[in-house]
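Only one structure is covered here, and it is reproduced in the block below.
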Amino acid sequence: MTPSRATSWRPPHYLLPSPWMRYALLMGALLYLILALSTLEINWLRAYEGLDRGWRFLQGFLRPDFTSRGADIYQGLSESLTMSITSTLAGILLSIPFGIGAASNISPKPLYLFCRSFIALSRSIQEVIVAIFLVALFGFGTLAGFLTLTFATIGFLAKLLAEEIEGVQKSQIEAIDSTGASWWQRLHYAITPQIMPRFIGLSFYRFDINFRESAVIGIVGAGGIGATLNTAIERYEYDSAGAILILIILIVMLCEYASGYLRKAVS
């Protein structure tokens, strides 16, 4: 007697088990995309005319000029690096207590709600909006940029730090608690070793973001390389703008390699 051939089996779809519902959802998404694109007022003539300017900008990027505006580039780059380093360090120091307070597994409820509310406020406001407000409050310059990036860094790192603390292995915490350790000893011996490599990587990643954001908030008067880049583009000095972009890319890549090296060193 020949064994019966096994019937083919497929696991159910993880989101929508019915194929008709999946097709309906796909068609609805395509219809929404078509309707959304139809509402865009695209000036195709202006876009075509902009191809020439885009090509000239690309040519300037391929032939960067580091000397014509060398003094301005150096000053703007120094301001951006100063803002990025100081705001990242200040943000790291301030994000640690907020991140610990926002972890539900080690913090009391009132402290948890306060820290989570502050983190939500910091993450809900875009950096450019904060920079415009601080420029109006403190005037043009790097102080507004430093405060803007510090405020954003706290919300970014504190949220991710809190999630890392909430996701640590409970076995290590239980082992430390069984010895009669205090709350600080639990934090230092059971939690910190688990989250430190990730936190270092996130800190360097935030430095990347701060340096790139310094080029954006500089356009609204918060100092940094952004003002120099904006001036170069407005004057159609695309070779100088290309030089600025190349320097930004090199610094971000250097920080990325440093981050990977330090993560391996502490892991």
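The values are calculated or read from the model by the stated rules, or taken from the named source; none is laboratory data. All figures in this text were calculated on a predicted structure; none of them were measured in a lab. All Cβ positions, even for glycine, are placed from backbone atoms using ideal geometry, and neighbour counts span all protein chains on display. Note: areas computed on protein heavy atoms with side chains; ligands, DNA, RNA excluded. Shrake-Rupley method; radii C 1.70, N 1.55, O 1.52, S 1.80 Å.
A few comments on the model shown:
- Along the axis of the charge dipole computed for the chain (Cβ charges of +1 for Lys and Arg, -1 for Asp and Glu, origin at the Cα centre), the listed residues Gly50, Ser117, Ala243 are led at the positive end by Ser117.
- Charge dipole magnitude, Cβ of K and R +1, D and E -1 - the chain, Cα centre, debye nearest 20: 880
- Cα gyration tensor, the stretch 122-248 - rounded (a/c under 1.5), prolate or oblate: prolate
- The stretch 56-169: relative contact order in percent, alpha carbon pairs under 8 Å with at least 6 residues between: 37
- Highest-first packing order for the peptide set 109-115, 21-27, 34-40 is 109-115, 21-27, 34-40, based on the mean count of other beta carbon atoms within 10 Å.
- Here each label is just a point 7 Å from Cα along the line to Cβ, and for Arg63 and Ala47 those points are 3.0 nm apart.
- Helix runs (DSSP H) in the chain reaching 20 Å along axis by Cα, Kyte-Doolittle at least -0.5: 19-38, 44-62, 70-101, 109-124, 142-166, 192-217, 238-266
- What the chain shows is 64 Å² of accessible area per residue, with the surface traced by a 1.4 Å probe over protein heavy atoms.
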